[in-house]
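Report on one structure; see the data block that follows.
The values are calculated or read from the model by the stated rules, or taken from the named source; none is laboratory data. Treat the numbers as computed from the prediction; the structure is a model and nothing was measured. So basically every Cβ, Gly included, is an ideal-geometry build from the backbone, and we count neighbours across all protein chains shown.
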Amino acid sequence: MKIIDARVIVTSPGRNFVTLKLITESGIHGIGDATLNGREMAVATYLEEHVVPALIGRDASRIEDTWQYLYRGAYWRRGPVTMSAISAVDMALWDIKAKAAGMPLYQLLGGKSRERVMTYAHCTGKDIDSCLEEVTRHVELGYKAVRVQAGVPGIRTIYGVAKREGERYEPADSELPAEHVWSTEKYLNHVPQLFAAVRERFGHELHLLHDVHHRLTPIEAARLGKAVEPYHLFWLEDCVPAENQESLRLIREHTTTPLAIGEVFNSIHDCREMIQNQWIDYIRIPLTHGGGITQLRRIADLASLYHVRTGFHGPTDLSPVCLGAAIHFDTWVPNFGIQEYMPHDPLTDSVFPHDYRFEDGHFLVGETPGHGVDIDEEAAARYPFKRASLPVNRLEDGTLWHW
Ligand SMILES: O=C(O)C(=O)C[C@H](O)[C@H](O)CO
Ligand SMILES: [Mg+2]
């Protein structure tokens, strides 16, 4: 089944997305998400200039060979731009193969390991009280797991919290990077109080998660992990930047708080050491940045040997195509942990019709052949790209820090 056409669709319904559509001679098409927040046009250009021309005429059924062709054949391997492009091709090819087989993608992967997929919501607030209100709201919506992020006294703008109450949170909120100021000390002194308040109000059933967003040193992360042990979090995420995978060992040696990491990784080599040494508990590399289904299956299989579970990244800056394919993967993967869920803007959903359903804190996978998501190209054309950048972070003394 030859690929006869390929389109890179850049659209901005609510925010920027990059989608790859592959069309085969049989008329079956498949789509993949190639969105890299703040670097969308880098991926779109990589696809248009260096990938799509080489795909035309290739056999769409040869998913593994195409993956190797784009990975090994690129010479310049890995990195978020290259791997987002490969991921989109891979997602589209699996979509095509499942459609050609007349089955939903989870069947092609090996069938259901569970009836539904547990998700976690984002509960954020400018202070602890408004955060507790958000937790109440999401518990009423049926969530069994919530990520809790609150403003910190003395820090003007912080990751995860919308600038204005009730607004949707979007980190890429300006054409050029906004500059935020960060204080580790103020943050470390405040977070344990947040979780004490949540446990006090909601008891110990509810799964609680927290995203440190790469900002601590290993020993600071160890301090935080120990400080929140009484509140037994489901996970503490991205405690440290992880180019040095051994940082996780130091944290692990000090705390029983489960550790999650990986949303900025794009290769099995970014996490092999930390998985094999059991320094982490959840791996978060999403299908869109980690090489698609083909590489994430390898990562999940490696993780399963070391008691590590999946916890896919699922922000609004990964498209419904990624979320749809992820729900199929989550339905199949034996070492499933949890699926992040930030509901997309209704405008986004209007461009990406899908068959997955949210119910009582869980996703239910659809039965449509393929990954169950499509793109309405006519609607997509109505939303032109608008450059948007992620912020940068500085310490109070001006040192450029991790955002
Ligand atoms: O959803 C999360 O856990 C994030 O850390 C969100 C990221 O800041 C976001 O995807 C960056 O574009
Ligand atoms: Mg995160």
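Numbers below:
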item: Members of the stretch 256-277 that are hydrophobic (A, V, I, L, M, F, W, C) and either within 13 Å of ligand 2 (Cβ to nearest atom) or at pLDDT below 95 (or both); result: L259, A260, I261, V264, F265
item: Verdict on Y306 being aromatic (F, W, Y), away from ligand 1 (no atom under 16 Å from the Cβ), without any contact (Cβ under 8 Å) to a residue 60 or more places away in the chain and closer than 18 Å to P334 by Cα; result: yes
item: Residue in the stretch 151-160 that is out of contact with any His (no Cβ under 8 Å at 6 or more places or on another chain), under 30 Å from R357 (Cβ atoms) and not in a helix (DSSP H, G or I) present; result: no
item: Conditions (1) farther than 23 Å from L70 by Cα; (2) aliphatic (A, V, I, L, M); (3) away from ligand 2 (no atom under 16 Å from the Cβ); number of the one not met by I280; result: (3)
item: Near pairs, Cβ below 8 angstrom, 6+ apart or cross-chain, from the stretch 243-264 (more than 24 Å from H289 (Cβ to Cβ)) to any residue that is among the polar types (S, T, N, Q) and part of a loop (DSSP other than H, G, I, E, B); result: R249/N277; R252/Q278
item: Residue, farthest from ligand 1 (Cβ to nearest atom), within the stretch 331-363, restricted to residues that are touching a helix residue (DSSP H, G or I) at 6+ places or on another chain (Cβ under 8 Å) and assigned to a strand (DSSP E or B); result: H354
item: Answer residue from the stretch 46-70, given it is touching a residue at least 60 places away in the same chain (Cβ under 8 Å) and touching a helix residue (DSSP H, G or I) at 6+ places or on another chain (Cβ under 6 Å) and is surrounded by the fewest Cβ atoms within 10 Å (Cβ to Cβ) among those; result: I63
item: Those residues of the stretch 345-392 which are farther than 18 Å from A88 by Cα and aromatic (F, W, Y), in sequence order; result: Y356, F358, F363, Y383, F385
item: Subset of the stretch 373-398 that is closer than 14 Å to L347 by Cβ and crowded, with 17+ Cβ neighbours inside 10 Å - its residue that is nearest to the chain's Cα centre (by Cα); result: I375
item: Any pair with Cβ under 7 angstrom, 6 or more apart, that starts in the stretch 152-175 at a residue that is touching a residue at least 60 places away in the same chain (Cβ under 8 Å) and of a type in the set (D, E) and ends at one that is within 15 Å of ligand 1 (Cβ to nearest atom) and not in a loop (DSSP other than H, G, I, E, B); result: E175/S389
item: Some residue of the stretch 192-204 being within 16 Å of ligand 1 (Cβ to nearest atom) and under 29 Å from A222 (Cβ atoms); result: no
item: Selected residue (criterion: nearest to D349 (Cα to Cα)) from residues of the stretch 306-328 that are within 15 Å of ligand 2 (Cβ to nearest atom) and polar (S, T, N, Q); result: T316
item: When residues of the stretch 214-247 are limited to those that are surrounded by fewer than 21 Cβ atoms within 10 Å (Cβ to Cβ) and at positive phi, the one farthest from ligand 2 (Cβ to nearest atom); result: H232
